[in-house]
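Since the structure comes first, as structure tokens, the remarks are kept for the end.
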Amino acid sequence: MKRLILRAAAVYVLVVLVGLHGRKRKKPRTQHDGNSLSGDQRKSEEVVKDADVDQADAPAAAPPPPRKPKKPKPAFKASEKSIKHAWDDHKKGSQYDKDGKNENIWHDDKMTEQRLRDMIATVQNPGPGQVQVNPRNPTDPRGGNYHDYNTHDANNPTGRNGQTGIRVVVDGDGNMLTAFPWPHNDGM
């Protein structure tokens, strides 16, 4: 009797461990919507019975909403300090003005600090062909590039000598160092 009880207990434990107890047979499924075949047959019968439903005129799915375009990464970083440096060192009465370097001085009437900021923002995120990037002199240990932007608008010069653009000096780490009126000859 003990053996019979032990065998029954062992069989029960195996059934529980293997998971065979209470298992039901699965119904065959369709690939379309995952319901059983009998459910699909019932649905098709309902469609045939209901004369008002026309599957051909079902509304099309709405297209997904357009994605927001990613904001372009700026060509370089312009700090408040570098912008102030570019304005203060190249405006009327600055150190370059006192040294007689007219080619590096912002136009007295037409150039403002806000216009400089706007032009730097354009140079940071230019449109196609707006900015020309040139490497700095290879002997310069700071490395980096010149970002030249020219509006070619003679009615709104940026510099005292009639320059119509700016040159932004960027170091090798991608930080703006300064900016000044450019070009000195309108060859851009």
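Derivation of every value follows stated rules applied to the coordinates shown; laboratory data play no part. These numbers come from a predicted model, not from an experiment. Heads up, the Cβs are rebuilt from the backbone with ideal geometry, glycines too, and the neighbour counts pull from every protein chain shown.
Observations
- Cβ-derived FRET efficiency at R0 22 Å, ASN125 paired with GLU80, nearest 0.05: 0.80
- Long-range amide H partners of GLY144 with built H, under 5 Å: ARG136, GLY172
- Using the Karplus relation 6.51 cos²θ - 1.76 cosθ + 1.60 with θ = phi - 60°, the per-residue 3J(HN,Hα) values for region 144-158 come to x, 9, 9, 10, 9, 10, 10, 7, 6, 9, 5, 6, 10, x, 9 Hz, with x marking Gly and Pro.
- Globularity index of region 80-182, i.e. its alpha-carbon radius of gyration over 2.2 N^0.38 Å: 1.02
- Solvent-free Debye calculation, one equal scatterer per alpha-carbon of region 86-135: log10 I(q)/I(0) at 0.14 Å⁻¹ equals -0.45.
- Nitroxide proxy distance, nm - points 7 Å out along Cα→Cβ at LYS68 and SER94: 3.6 nm
- Phi-derived couplings, Karplus 6.51 cos²θ - 1.76 cosθ + 1.60 at θ = phi - 60°, listed residue by residue for region 160-170: 5, 8, x, 4, 10, x, 9, 10, 9, 9, 10 Hz, with x used for Gly and Pro.
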